[in-house]
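> Could you have a look at this structure, given as structure tokens, before my questions?
The values are calculated or read from the model by the stated rules, or taken from the named source; none is laboratory data. Predicted, not measured: the structure shown is a model, and the values here were computed from it. Here Cβ is always computed from backbone atoms with ideal geometry, including for glycine, and neighbour counts include all displayed protein chains.
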Amino acid sequence: MKRFEWANPTSVAEAIDLLRSAPPFEDPDEAARPIAGGQDLLTTMKEYIQRPSRLVNLKNIRGLNRIEGDGRKGLRIGALVTLSQIEEHPEIKRHFPGLAEAAHSIASPQIRNLGTVGGNLCQRPRCWYYRLEEAVCLKKGGTQCFAASGENKYNAILGGGPSYIVHPSDLAPMLVALGASVTIAGPDGNRTVPLEKFFTLPSEGSIRRENILRHDEIITEIEVPASRFAARSTYLKFKERASFDFALASVAAALELSEDRTVRQARLVLGGVAPTPWRVPKAESFLTGKPITAENVAEAAKIALEGARPLAHNAYKIPLTQALIRRALHRLAEMNA
Ligand SMILES: Cc1cc2nc3c(=O)[nH]c(=O)nc-3n(C[C@H](O)[C@H](O)[C@H](O)COP(=O)(O)OP(=O)(O)OC[C@H]3O[C@@H](n4cnc5c(N)ncnc54)[C@H](O)[C@@H]3O)c2cc1C
């Protein structure tokens, strides 16, 4: 691990100032970084993947570790709220069940006790070439995505190119499905953006980053609006092993049903298959106005994966994701919401 300064701000303004005034850098992986639970950042630092000159510890900033609101008002979730807090929160379990499920699906209880929402959304990709110190891939300033023609079993089938990473966060697809927005604090004040517009594809913006955050900005809060579909939401994740693991594919789904049990609104967002949480609006529109039948669900799943372009070793993700979509939609139709 490279030597770094440790800074302990007690306010958001101080944290921004510490990020802004850190030593200049040429490589984005050498910029000062905010640290929350450290469950991802420290791993990348130990492997020399990120080499920040300064770490700005967010944990002493008051007020960012609270969950406020309920099913009627919607939720305000501070960036330092832990994954365990989300998983165990009674209002979330009752009115936003998919969000509690997504949090529960992450890693192990120990990691969920330390890992925060802000850190979960900003964690770096898990592609093994990216995580290998010696492999200087596109995302680390190299000229090639080694996964494109190499070992790509875990990589993207949608939205990939020129890098084929998949977005690793389990909270992100569910929060996008629930219409969440994110508040970002920076030197010029606060801005709030829909989470759907927070993440960037490798073909957009800088290939070295996965979102719109600048090096001197931090997430302070996530807002989840009250909606008619939040109570009928679910998160299904397929992992290669039964203990903690990242998603090979996942589905965040939510439905509002009419009294005649037809779909009034549908939200479907895929995880583990694209460099960002991957919303499938065409499949959502297909379901609108229709009952949840085996035929409609199968067609929606087919439509959702229409644009998939698998690499040599990951075509299995297409039927896998389709199966998850079908299961999620049937589960939602059976829920008492
Ligand atoms: C063994 C293992 C298994 C895991 N399994 C999963 C899994 O199944 N699903 C999953 O989603 N994750 C998984 N993770 C990743 C990790 O647990 C989560 O991402 C965790 O939520 C990270 O939060 P943190 O607070 O520890 O982040 P940190 O490590 O502190 O930070 C992560 C990144 O986010 C940035 N950051 C942190 N807070 C902010 C903020 N407020 N504003 C801006 N940037 C910020 C940091 O600079 C850093 O780049 C796993 C991790 C490990 C080690």
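> In the set E87, E68, E5, which member is surrounded by 15 or more Cβ atoms within 10 Å (Cβ to Cβ) and acidic (D, E)?
On the way: E68 fails: surrounded by 15 or more Cβ atoms within 10 Å (Cβ to Cβ); E5 fails: surrounded by 15 or more Cβ atoms within 10 Å (Cβ to Cβ).
Answer to the selection: E87.
> Continuing with this model, one more query. Do the conditions hold for T220, that is, is it modelled with pLDDT of 95 or more and surrounded by fewer than 19 Cβ atoms within 10 Å (Cβ to Cβ)? Explain how you work it out, then say what you get.
Details: modelled with pLDDT of 95 or more: yes; surrounded by fewer than 19 Cβ atoms within 10 Å (Cβ to Cβ): no.
No, not satisfied.
> In region 185-236, which residue that is polar (S, T, N, Q) and within 23 Å of V273 (Cα to Cα) is farthest from the ligand (Cβ to nearest atom)? Talk me through it step by step, then tell me what you get.
Restricting attention to region 185-236, the residues satisfying the condition of being polar (S, T, N, Q) are 190, 192, 200, 203, 206, 211, 220, 227, 233-234.
With within 23 Å of V273 (Cα to Cα) added as a condition, the list becomes 200, 203, 206, 211, 233-234.
On the way: T200: 15, S203: 22, S206: 15, N211: 9, S233: 17, T234: 17 Å.
Applying the filter and picking the extreme gives S203.
> Can you tell which of R20, R33 is near the ligand (Cβ under 9 Å from one of its atoms) and among the charged types (D, E, K, R)? Walk me through it before giving the result.
Working: R20 fails: near the ligand (Cβ under 9 Å from one of its atoms).
When all the criteria are applied, what remains is R33.
> Moving on to the next point. Test of understanding: among T82, T116, T143, which residue is touching a Gly at 6+ places or on another chain (Cβ under 7 Å) and either surrounded by fewer than 24 Cβ atoms within 10 Å (Cβ to Cβ) or without any contact (Cβ under 8 Å) to a residue 12 or more places away in the chain (or both)? Working first, answer last.
On the way: T116 fails: either surrounded by fewer than 24 Cβ atoms within 10 Å (Cβ to Cβ) or without any contact (Cβ under 8 Å) to a residue 12 or more places away in the chain (or both); T143 fails: touching a Gly at 6+ places or on another chain (Cβ under 7 Å).
When all the criteria are applied, what remains is T82.
> Checking the conditions here, which among S105, S163 is in contact (Cβ under 8 Å) with a residue 60 or more places away in the chain, surrounded by 21 or more Cβ atoms within 10 Å (Cβ to Cβ), of a type in the set (S, T, N, Q) and in contact with a helix residue (DSSP H, G or I) (Cβ under 8 Å, 6 or more places away or on another chain)?
Details: S105 fails: in contact with a helix residue (DSSP H, G or I) (Cβ under 8 Å, 6 or more places away or on another chain).
Criteria check complete, one pass: S163.
> Would you mind stating whether I67 is among the β-branched types (V, I, T), more than 17 Å from A254 (Cα to Cα), more than 11 Å from the ligand (Cβ to nearest atom) and touching a His at 6+ places or on another chain (Cβ under 8 Å)?
On the way: among the β-branched types (V, I, T): yes; more than 17 Å from A254 (Cα to Cα): yes; more than 11 Å from the ligand (Cβ to nearest atom): yes; touching a His at 6+ places or on another chain (Cβ under 8 Å): yes.
Yes; evaluated as a whole, the condition is true for this residue.
> So which residues in region 282-301 are farther than 17 Å from V269 by Cβ and either aliphatic (A, V, I, L, M) or in contact (Cβ under 8 Å) with a residue 12 or more places away in the chain (or both)? Even if it seems obvious, please write down each step before you answer.
Residues of region 282-301 farther than 17 Å from V269 by Cβ: 289-296, 298-299.
Once the filter is applied, which keeps residues that are farther than 17 Å from V269 by Cβ and either aliphatic (A, V, I, L, M) or in contact (Cβ under 8 Å) with a residue 12 or more places away in the chain (or both), region 282-301 yields G289, K290, P291, I292, A294, A298, E299.
> Report yes if A300 is assigned to a helix (DSSP H, G or I), in contact with an Asp or Glu (Cβ under 9 Å, 6 or more places away or on another chain) and under 22 Å from G179 (Cα atoms), otherwise no. Walk me through how you get there before you give the answer.
Working: assigned to a helix (DSSP H, G or I): yes; in contact with an Asp or Glu (Cβ under 9 Å, 6 or more places away or on another chain): yes; under 22 Å from G179 (Cα atoms): yes.
Here the answer is yes, as A300 does meet what is asked.
> Taking the stated definitions as given, is A103 closer than 30 Å to M335 by Cβ and either more than 11 Å from the ligand (Cβ to nearest atom) or not in a helix (DSSP H, G or I) (or both)? Walk me through it before giving the result.
Details: closer than 30 Å to M335 by Cβ: yes; either more than 11 Å from the ligand (Cβ to nearest atom) or not in a helix (DSSP H, G or I) (or both): no.
For A103, the condition - closer than 30 Å to M335 by Cβ and either more than 11 Å from the ligand (Cβ to nearest atom) or not in a helix (DSSP H, G or I) (or both) - is not met.
> Being in a strand (DSSP E or B), within 15 Å of I106 (Cβ to Cβ) and either in contact (Cβ under 8 Å) with a residue 60 or more places away in the chain or out of contact with any strand residue (DSSP E or B) (no Cβ under 8 Å at 6 or more places or on another chain) (or both): is that true of S250 here? Full working, then the answer.
Details: in a strand (DSSP E or B): yes; within 15 Å of I106 (Cβ to Cβ): yes; either in contact (Cβ under 8 Å) with a residue 60 or more places away in the chain or out of contact with any strand residue (DSSP E or B) (no Cβ under 8 Å at 6 or more places or on another chain) (or both): yes.
Yes, satisfied.
> Within the group P162, P173, which residue is touching a strand residue (DSSP E or B) at 6+ places or on another chain (Cβ under 9 Å) and either within 22 Å of Q144 (Cα to Cα) or not in a loop (DSSP other than H, G, I, E, B) (or both)? Walk me through how you get there before you give the answer.
Values: P162 fails: touching a strand residue (DSSP E or B) at 6+ places or on another chain (Cβ under 9 Å).
Step by step, each of P162, P173 is checked, and only P173 is touching a strand residue (DSSP E or B) at 6+ places or on another chain (Cβ under 9 Å) and either within 22 Å of Q144 (Cα to Cα) or not in a loop (DSSP other than H, G, I, E, B) (or both).
> Could you list, in sequence order, all residues of region 70-100 that are small (G, A, S) and within 15 Å of the ligand (Cβ to nearest atom)?
G78, A79, S84, G98, A100 - these are the residues of region 70-100 that are small (G, A, S) and within 15 Å of the ligand (Cβ to nearest atom).
> Quick test of your reading of the structure: D170 fulfils all but one of (1) among the charged types (D, E, K, R); (2) surrounded by fewer than 24 Cβ atoms within 10 Å (Cβ to Cβ); (3) within 16 Å of the ligand (Cβ to nearest atom). Name the failing condition by number.
Unmet for D170, out of (1) among the charged types (D, E, K, R); (2) surrounded by fewer than 24 Cβ atoms within 10 Å (Cβ to Cβ); (3) within 16 Å of the ligand (Cβ to nearest atom): (2).
> Okay, moving on. If I go through region 108-127 residue by residue, how many of them are farther than 26 Å from I184 by Cβ and touching a helix residue (DSSP H, G or I) at 6+ places or on another chain (Cβ under 8 Å)? Working first, answer last.
Step one: filter region 108-127 for residues farther than 26 Å from I184 by Cβ, giving 108-110.
Applying the additional criterion that residues be touching a helix residue (DSSP H, G or I) at 6+ places or on another chain (Cβ under 8 Å) yields 109.
Number of matching residues: 1.
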